[in-house]
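Asker: This is the structure I want to talk about, given as structure tokens.
Derivation of every value follows stated rules applied to the coordinates shown; laboratory data play no part. Only a predicted model underlies this, so the values are computations on that prediction, with no experimental measurement involved. All Cβ positions, even for glycine, are placed from backbone atoms using ideal geometry, and neighbour counts span all protein chains on display.
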Amino acid sequence: MPVADAPLLQVDGIELAFGGIKALSGVSLAARRGEITAVIGPNGAGKTSLFNAISGFYKPQQGRVVFEGCDITRESPSRRAALGLARTFQNVALFRGMTVLDNIKLGGHTRLAANPLTAMWYLGAARREEIALRREIERDVIDLLEIDHVRHLPVAALSYGLQKRVELARALAMRPKLLMLDEPVAGMNREETEDMARFILDIQEERGISVLLIEHDMGLVMDIANHVSVLNFGQVIGEGTPAEVRANPEVVRAYLGSTVAAAVPA
Amino acid sequence: MRIGDFRASYAHDESLWPTRVQRAWLGVLALALIAFPFGANGYQVSLACMLGIHVIAAAGLNIMTGYTGLISLGHAAFMGVGCYTAAWFAQRGVPFFATLPLAGATAALLGMVVGLPSLRIKGLYLAVATLATQFLVVYVFREWDSVTGGVRGVNVPNASLGGFELLNDQRMYFLIAPVAVALLVAARNLFRTRVGRAFIAIRDKDISAEVLGIHLLRYKLAAFAIGSFYAGVAGALLGYFYRAMTPEYFTLQLSIFYLAAIIVGGLGSMLGTILGAVFMTLVPELLRGVVAGIAQWAPRATEILSPVQQVVFGLLIVGFLVFEPHGLLEIWRRVRRTFHLWPFRA
Amino acid sequence: MSGSAFDWIALAEYSAIGLLSGGLLALIALGFVLIYKGTGVINFAMGEFMMLGAYFFYTANVMWRLPTLVALAITLAAVALVAALIERTVLRPLAGQPVISVLMATIGLASALHGGVDAVWGGANLEMPALLPRKPFTVGEILVPGQVVWSFVLAATIITAFTLYFRFSKTGVAMRAAASDPITAYVLGIDVRRTQALTWIFAGMVGAVAGIVVASMTSLSPALGGAALGVLAVIILGGLDSIAGAIVAGLIVGLIESLTAGYLGGKVRDIVPYVTVLVILLVRPYGLFGTRQIERL
């Protein structure tokens, strides 16, 4: 298979257990370049555990995580970030002691070079890179996600929907190759969900960033995902295009239970 | 009322004092700082010197604890290390502009040694480790006679720069004040860059910080080292100021004093550091005045000055944590807001 | 017998004394562990509870000349009151605040209590009555001071009583439930606020008893407050949330302290706990029995 066809992220045979509890059994997944890949499944299926394994917080007992052809299974989370992996969290993980702008600037952390000494002096190199980062964030991120009106507010003062948008902005500021979104529209109303869907599509089309997302909102998944993987009880029970997955009897059974599944026409 | 405040460039928006009124006040403050010792009496000048030292030490502690969330109960120990280091070098004729950085560096080194094992685990353990360090270091001060003079203490020669000696408090003021201002500005600058942001991120949610590419241990060590550096410099200045020092000065009580200062002033803010340091410098003086005042009716009062100070510090910490966790800074901000919005209501 | 023969008797004596005095350390550690298990906080004011207990007892027993048991009852009641007051006015408003805030609140509290006692009773060394029989115990050639043995017996009794209480009594089980998962406990009808108040009251009383014993074995002075900080080594070694760990660690640290004091001299004894803490943190930070913290992402 030509190298250009190789997926951006390849997860092979991940086995993850905590004490006696098996979170993931033989999970394999591919996120292709330039595509939006969705991971769905009932609560407790292991989706966030999978994300944590890809991020590097959980070390799987078996299996590999390969990113851009390199095996990153042993790398630390901060190293994976430098390689181009960005993610958001299910519960918004913004830094409440900082403003929106400072939170987003943190996305650019690995691309800056200030050390304590140059930082304390500030004039010169540190100042230049700060202003350059600010310009870049305003142009590339704040404008795109329409959050210019709140940029100086402390994040604690924002509504939930805006906070999720700021978290997305911060992930974007990392200039990632793969953006991992953990339930990006959880708890949002219809309008906010549509806005978020538009942003994700813009990110994919205009920036060419690949997206891997966990989501419960089937409408969103069916609308924007190119490829869907379904997890249940820590195993992949189905994958394919959204239409294929929706018709998959295993998937229906997992979500709706076997009695209902039997009643659904094949 | 604040009107006409607009920014036309990102550089302007990023600056520390963007409005013209702020810059005017800054100029006034600078003039006041320079003119102060010529108008004030000896007591006030020495008080100002102590304030400067307190500001430096509190700034260091705020960087570690307020901004980065690393609790240190051993700040006084690091000050002591800086003090004895400076004394050792000064006795061998090294001028102060070399002893101060050396003192800071030695303290920073100790900070990193203490931090290495403790920073890999939860914050509570770091607090315990710094407490243990505090006691151990003071023990070393008392026992290591050859270097520290043991319990008798050490004499610090006058701070000198190529023959010019800082003989009195007024001259010391012109050493302490610029150093304090410089270190304060440097600390504030930290938080305009990725280094400071990383510190705050570590405090708020270190898992998120890791995902963003921040190497946790490296940055925690940096915060610890910088904070200890400041403590070391403050300790060295203290030694020059008193011209003598004993281990009894750098006790747990002093560490708690600085914790009180940053809690009362406002964690995670350099303005809070200044407010807290001013408050904590004036409180002992106030207490001393009160005790002296009631001494005629309660002769035992002077004996209990030290324990009463302890009670007051403790109550201040608890009181501010319960009622005003953001400290004097929050009160200051409320006042400012009222002025900015006047004649409208906040 | 050659002059370089190893002095087994001394070793045995130091070891026996060490292990037995570890009982008292375990008792103080129990106070720490109770509060940590119940509220997730290291109570830096533990030593001050000890101090309060000792000074209250001194006031009742020596200054007001009340009989020992009456004085003890009054002391326990007074300390319980102070502990409940602290829990109500300081800890409860801070519930939900980051750990760092509550920690600093206990530090502030410790400072205030310490200064308060120093101001009211003065800083001089006071003489406490000998509460435990002094008659030494001899096993063969090994001589162990009576007070050490009896302090161990007392500590063991109290610790056993608490363990049984938490195991079998309704309130005890409720306290364990509330400590483990306050929200579920609340939903099940357990009065979580009451159990937290009780946790502090118990810890206070345990500290008070320990303080009285330590003061009667040494002397009464405000320096007593600092003694508990050495016990931090015990709880770190045992694991912050394990009573069994506190017991085992208490014995071990007592042993180490006694051996160092015996072979290296009394001054070194003061810093043994602190060196021990740093070593443990390097090697095995969660202690012997502590549960490793796993954060939910």
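Asker: Sequence neighbours fewer than 8 away in the same chain don't count; with that in mind, list the aspartates and glutamates whose C-alpha is under 18 Å from C:Lys135.
Answerer: Leaving aside aspartates and glutamates fewer than 8 places away in the same chain, those within reach of C:Lys135 are C:Glu13.
Asker: Relative contact order for the range B:164-318: what percent, with Cα pairs under 8 Å and sequence separation of 6 or more?
Answerer: Computed over the range B:164-318, the figure is 15 percent.
Asker: Each residue of the range B:183-197 in order: what ³J(HN,Hα) in whole Hz does its phi give by Karplus 6.51 cos²θ - 1.76 cosθ + 1.60, θ = phi - 60°, with x for Gly and Pro?
Answerer: For the range B:183-197, the Karplus curve yields 5, 5, 4, 4, 4, 4, 4, 3, 8, 9, 10, 5, 5, x, 4 Hz.
Asker: Hey, another quick one. Counting only other chains, what is the mean number of Cβ atoms within 10 angstrom of the Cβ of each residue in peptide A:105-114?
Answerer: Details: counts 3, 10, 2, 4, 10, 5, 2, 5, 2, 9.
Per residue, the number of nearby Cβ atoms from other chains is 5 on average.
Asker: Any chance you could check the Cα centroid distance between the range A:175-200 and the range A:71-114 for me, in angstrom?
Answerer: The range A:175-200 and the range A:71-114 have Cα centres separated by 17 Å.
Asker: Here's a follow-up. Is there a simple number for the mean count of other chain Cβ atoms within 10 Å of the Cβ of residues in A:121-127, and what is it? Please list the in-between numbers first.
Answerer: Working: counts 4, 8, 1, 0, 1, 6, 6.
The mean count of partner-chain Cβ atoms within 10 Å per residue comes to 4.
Asker: By the gyration tensor of its Cα atoms, with a ≥ b ≥ c the square roots of the eigenvalues, what is the shape of the protein assembly as shown: rounded for a/c under 1.5, prolate for a/b over b/c, or oblate?
Answerer: oblate
Asker: I would also like to ask the following. So which of A:Lys59/A:Lys177; A:Lys59/B:Lys220; A:Lys22/B:Lys205; A:Lys22/B:Lys220; A:Lys105/B:Lys205; A:Lys105/B:Lys220 end up more than 25 Å apart by C-alpha?
Answerer: Exceeds cut-off: A:Lys22/B:Lys205; A:Lys22/B:Lys220.
Asker: Still on this structure, please answer the following. Suppose every Lys and Arg Cβ carries +1 and every Asp and Glu Cβ carries -1, with no other charges. What dipole size does the range B:40-341 come out with about its Cα centre, to the nearest 20 debye? Show your work: numbers first, answer last.
Answerer: Details: 21 positive and 12 negative charges, 154 e Å.
That gives the range B:40-341 a dipole magnitude of about 740 debye.
Asker: Still on this model: Helix-derived [θ] at 222 nm for chain B: sum -39500 (n - 2.57) over DSSP H runs of at least 4, divide by residue count, nearest 500?
Answerer: -24000 deg cm²/dmol
Asker: Calculate the length of the line joining the C-alpha centroid of the range B:183-260 to that of the range B:36-112, in whole Å.
Answerer: The distance from the Cα centre of the range B:183-260 to that of the range B:36-112 comes to 12 Å.
Asker: When only C-alpha pairs under 8 Å and at least 6 residues apart count, what is the relative contact order of chain C, in percent?
Answerer: It comes to 36 percent, rounded to a whole number.
Asker: Sequence gap at least 6, Cα distance under 8 Å: using those rules, report the relative contact order of chain B to the nearest whole percent.
Answerer: 28 percent
Asker: Based on the alpha-carbon gyration tensor of the range C:106-200 and its eigenvalue square roots a ≥ b ≥ c, which shape applies: rounded if a/c is under 1.5, prolate if not and a/b is larger than b/c, or oblate?
Answerer: oblate
Asker: So, counting K/R as plus one and D/E as minus one, what does the shell of residues with Cβ under 15 Å around B:Leu252 add up to?
Answerer: Net local charge, B:Leu252 excluded: -3.
Asker: Along the positive direction of the dipole of chain A (beta-carbon charges: Lys, Arg +1; Asp, Glu -1; about the Cα centre), which of A:Ala31, A:Gly63, A:Ala186 reaches farthest?
Answerer: A:Gly63
Asker: Arranged from highest to lowest average of other beta-carbon atoms within 10 Å per residue, in what order do the peptides B:179-192, B:279-292 appear?
Answerer: Descending mean neighbour count gives B:179-192, B:279-292.
Asker: Two decimals, Cα atoms only, Kirkwood Rh: what is Rg/Rh over chain C?
Answerer: 0.99
Asker: Also: Mind checking which of C:Val120, C:Val173, C:Val231 has the largest fluctuation in a GNM of chain C, springs on alpha carbons under 10 Å?
Answerer: C:Val120
Asker: Right, next: Quick one: net charge of B:Leu329's neighbours, Cβ under 14 Å, K/R +1, D/E -1?
Answerer: Numbers: positive: B:Arg188, B:Arg333, B:Arg334, B:Arg336, B:Arg337; negative: B:Glu324, B:Glu330.
Once positives and negatives cancel, what remains is +3.
Asker: If packing is taken as the mean number of other Cβ atoms within 10 Å per residue, what is the order of B:225-236, A:125-136, highest first?
Answerer: B:225-236, A:125-136
Asker: Taking a ≥ b ≥ c as the square roots of the eigenvalues of the Cα gyration tensor of the range A:97-173, is the shape rounded (a/c under 1.5), prolate (a/b larger than b/c) or oblate?
Answerer: It is prolate, given that a/c is not under 1.5 and a/b is the larger ratio.
Asker: Over chain A, with a Gaussian network built from C-alpha contacts below 10 Å, which listed residue (A:Leu168, A:Leu158, A:Leu181) shows the highest mean-square fluctuation?
Answerer: Per the Cα network of chain A with a 10 Å cutoff, A:Leu158 tops the list.
Asker: Highest mean first, what order results for B:261-274, C:89-102 on Cβ atoms within 10 Å?
Answerer: B:261-274, C:89-102
Asker: Now a separate question. Restricting to chain A, compute how many DSSP beta bridges are antiparallel as a %, nearest 5. Before the final figure, lay out each step's value.
Answerer: Working: 20 of 36 bridges.
Once the DSSP bridges in chain A are tallied, antiparallel ones form about 55 percent.
Asker: A further question on this structure: Taking the Cβ of C:Glu87 as the centre, find all other residues whose Cβ is under 11 Å away and add up their charges (Lys, Arg: +1; Asp, Glu: -1).
Answerer: Working: positive: C:Arg88, C:Arg92, C:Arg193, C:Arg194; negative: none.
Net charge around C:Glu87: +4.
Asker: Rounded to the nearest 500, what is chain C's calculated 222 nm mean residue ellipticity when only DSSP H runs of at least 4 contribute -39500 (n - 2.57) each, over all residues? Mind dumping the intermediate values first?
Answerer: Values: 11 runs with 208 residues, N = 297.
Estimated from H runs of four or more residues: -24000 deg cm²/dmol.
Asker: What residue among A:Gly124, A:Gly219, A:Gly56 shows peak mean-square fluctuation when chain A is described by a Gaussian network model with Cα springs under 10 Å?
Answerer: Of A:Gly124, A:Gly219, A:Gly56, the most mobile in the Gaussian network model is A:Gly124.
Asker: Considering the convex hull of the alpha carbon atoms of the range B:40-341, report its projected area averaged over all viewing directions, in nm², one decimal.
Answerer: Approximately 17.9 nm², given one-decimal rounding.
Asker: Let me ask something else about it. For the range C:67-108 and the range C:205-237, compute the distance between their C-alpha centroids and round to whole Å.
Answerer: 16 Å
Asker: Something else about it: Pull up the DSSP beta bridges for the protein assembly as shown and report the antiparallel fraction as a percent, rounded to 5.
Answerer: If I count the DSSP bridges inside the protein assembly as shown, around 65 percent turn out antiparallel.
Asker: Magnitude of the Cβ-charge dipole of chain C, K/R +1 and D/E -1, about the Cα centre, nearest 20 debye? Show your work: numbers first, answer last.
Answerer: On the way: 16 positive and 13 negative charges, 138 e Å.
The dipole of chain C has a size of about 660 debye.
Asker: In addition: Can you compute the helix-only [θ] at 222 nm over chain A? Use -39500 (n - 2.57) per DSSP H run of at least 4 residues, normalise by all residues, nearest 500 deg cm²/dmol. If you can, show how the numbers build up before the last one.
Answerer: Details: 11 runs with 101 residues, N = 266.
For chain A, the value works out to -11000 deg cm²/dmol.
Asker: Averaged over B:130-143, how many beta carbons belonging to a partner chain fall within 10 Å of each residue's beta carbon?
Answerer: Average per residue, whole number: 4.
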